[in-house]
Amino acid sequence: MRIGIDLGGTKIEGIVLDGDGNALHRLRIPTPAGDYLGTVDAIAGLVDELERRVGCRSRVGVGIPGTASPATGVIKNANSTWIIGRPLDHDLRAALGRPVRIANDANCFAVSEAIDGAAAGARVVFGVILGTGVGGGIVVDRRVLAGTNAIAGEWGHNPLPWMDSTERPGYPCYCGKQGCVETFLSGPGLARDYQAATGRERSAADIAADNSDPAAEAALERYEERLARALASVINVLDPDAVVLGGGMSNVERLYQSVPRRWQHWVFSDRADTLLVRNIHGDSSGVRGAAWLWPPDGGA
C-alpha cells in the first residue's frame with residue numbers, strides 16, 4: 001500500500017491506495033497556512049491517522065505547489081510561500097521515520113493520469129494544468145521525469161510561440177518575464193483577453209459557457225489557437241503519446257476537437273497523432289499521483 005498527500009494552500013488531503021489503485025481511505029484537514037513547522041506536523045499526523053485506519057505502515061509521496069531544488073534540497077517556486085527555502089523532504093523524513101518522495105503537483109497530476117487515468121497505457125505523457133496558472137508534468141514509462149533542475153514540464157513559463165503582431169510583446173508574468181504561455185492560457189488569461197477586446201469583465205467559466213455572445217466565441221477561438229501553438233511546441237520537442245488536460249479550462253469540451261485540428265499546422269511532421277484527452281480523476285489526480293510516486297511495480 002501507498003499513501004499520497006496533496007499539500008494545498010487551504011487544505012491537505014491524504015489517500016491510501018492499494019496495489020490496484022483502489023482508494024481505501026481518504027481524509028482532508030485544513031492547511032496551517034503560514035506555519036511551516038505546523039504544516040510538517042499536520043502532514044505527519046495525517047499519515048499516522050491513515051496508517052491507523054489501514055493497520056499497516058506505508059510508503060508516502062507528497063505533492064506540493066512547488067519543487068525541491070536538486071542543488072540545495074530546499075523548496076523553490078512554491079505559491080505556498082511559507083515552505084520556500086525550507087528542507088521539507090528532510091523534515092518529513094525525520095517526522096515520519098522513513099523515506100518520503102516529494103514532487104510538484106503538476107507532476108503528480110501527470111503520473112496519476114498516466115498510470116490509471118486518461119492516458120493509461122501510453123508510454124510518454126504530458127500532463128497539463130490549465131487553471132489559475134499553467135503548469136505541466138512529464139511521465140515516461142509510468143514514472144515522473146523531474147529533470148536536472150526539477151523543472152521538467154514547466155511550459156507555462158516559456159514565451160507563447162509564433163506570436164502575431166496583436167500578441168507582441170505579451171503581458172507581464174509574475175515570474176518577471178513577458179509573454180509567457182501562462183499569461184495567455186490560464187483562466188485569468190482568457191478573462192483578460194476578453195476584457196481587452198470588449199471592455200467587459202467576465203470569468204473564464206462564463207466566457208466558455210456562453211454560446212450567444214460573439215465576443216466570447218472570438219475569445220475562445222483565440223484561446224484555442226494559442227493553446228494549439230503552445231502544445232505544438234511541446235510536441236515538437238517531446239513527441240508524447242498523449243497530452244492530458246487538467247484544471248478548470250480542461251472542462252471546455254470543444255478543446256478536444258478544435259485544438260488537435262489546429263495544432264496540425266504547427267507540428268513539425270506530416271501528421272500529428274498525439275492524443276489530447278481530458279483527465280479522468282479530476283481533483284483527485286494530485287493526491288493519487290502523490291501516492292504513485294512510488295512505482296506500481298515496487299521499484300526504486
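For ARG93, put the label point 7 Å out on the Cα→Cβ axis and report which residues of the range 274-290 keep their amide N under 14 Å from it. No residue qualifies, since no backbone N sits under 14 Å from the label point. Helix 105-116 axis versus longest C-alpha principal axis of the chain: approximately 80°, rounded to the nearest ten.
The slack between ILE280 and GLN195, meaning 0.36 nm per residue of separation minus the straight C-alpha distance, is 27.4 nm.
Can you give the extra length, in nm with one decimal, that the chain gains between SER212 and GLU49 once fully stretched, where that is 0.36 nm per residue apart less the Cα-Cα distance? Display every interim value, and only then the final one.
Numbers: separation 163, 0.36 × 163 = 58.68 nm, distance 5.04 nm.
Extending this stretch completely gives an extra 53.6 nm.
Ranking CYS180, GLY85, THR67 by how far each Cα lies toward the positive end of the dipole of the chain (charges on Cβ) leaves GLY85 at the top. Over the C-alpha atoms of the range 198-300, the Rg to Rh ratio, Rh being the Kirkwood estimate, stands at 1.06. The GluC sites (Glu not before Pro) of the range 208-273 that DSSP puts in a loop, and whose beta carbon has at most 11 other beta carbons within 10 Å, are GLU253. Remark: the ASN236-ALA71 segment gains 56.5 nm on full extension, using 0.36 nm per residue and subtracting the alpha carbon distance.
Applying both filters, DSSP loop and at most 13 other Cβ atoms within 10 Å, to the trypsin sites (Lys or Arg not before Pro) of the range 94-190 gives ARG123. Can you tell me the 0 to 90 degree angle between the C-alpha axis of helix 187-198 and the longest principal axis of the chain, rounded to 10? The angle comes out at about 20 degrees. Which of the listed residues, TYR171, VAL54, GLY135, is farthest toward the dipole's positive end in the chain, when Lys, Arg count +1 and Asp, Glu count -1 at the beta-carbon? So the residue furthest toward the plus end is VAL54.
Basic side chains Lys and Arg get +1 at the Cβ, acidic Asp and Glu get -1 at the Cβ, and with that the dipole of the chain about its Cα centre reaches some 540 debye. Working from Cα positions, state the angle (0 to 90°, nearest 10) between the long axis of helix 214-238 and the longest principal axis of the chain. It works out to around 60 degrees.
Look at the Cα gyration tensor of the range 118-279: its axes a ≥ b ≥ c give a/c of at least 1.5 with a/b over b/c, and that counts as prolate. A Förster radius of 22 Å combined with the Cβ-Cβ distance from GLU253 to LYS177 puts the calculated FRET efficiency at roughly 0.10.
Sorting 129-138, 277-286 by average packing, meaning the other beta carbons within 10 Å per residue, from highest down gives 129-138, 277-286. The packing ranking of peptides 7-17, 43-53, highest mean first, is 7-17, 43-53, where packing means the average number of other beta carbon atoms within 10 angstrom of each residue. Close amide H contacts of ARG59 (hydrogens built in the peptide plane, cut-off under 5 Å, sequence separation of 5 or more or a different chain): ILE3.
Relative contact order for the range 118-279: what percent, with Cα pairs under 8 Å and sequence separation of 6 or more?
Values: 273 pairs, mean separation 41.4, N = 162.
Rounded, it is 26 percent for the range 118-279.
Just flag the chymotrypsin sites (Phe, Trp or Tyr not before Pro) in the range 241-290 sitting in loop per DSSP whose Cβ has no more than 12 other Cβ atoms within 10 Å.
Working: sites: TYR256, TRP263, TRP266, PHE268; in loops: TRP266, PHE268.
The qualifying sites are PHE268.
Values in this text are rule-based calculations from the coordinates and carry no lab data. Computed from a predicted structure; not experimentally measured. Ideal geometry is used to build each Cβ from the backbone, glycine not excepted, and the neighbour counts take in all protein chains shown.
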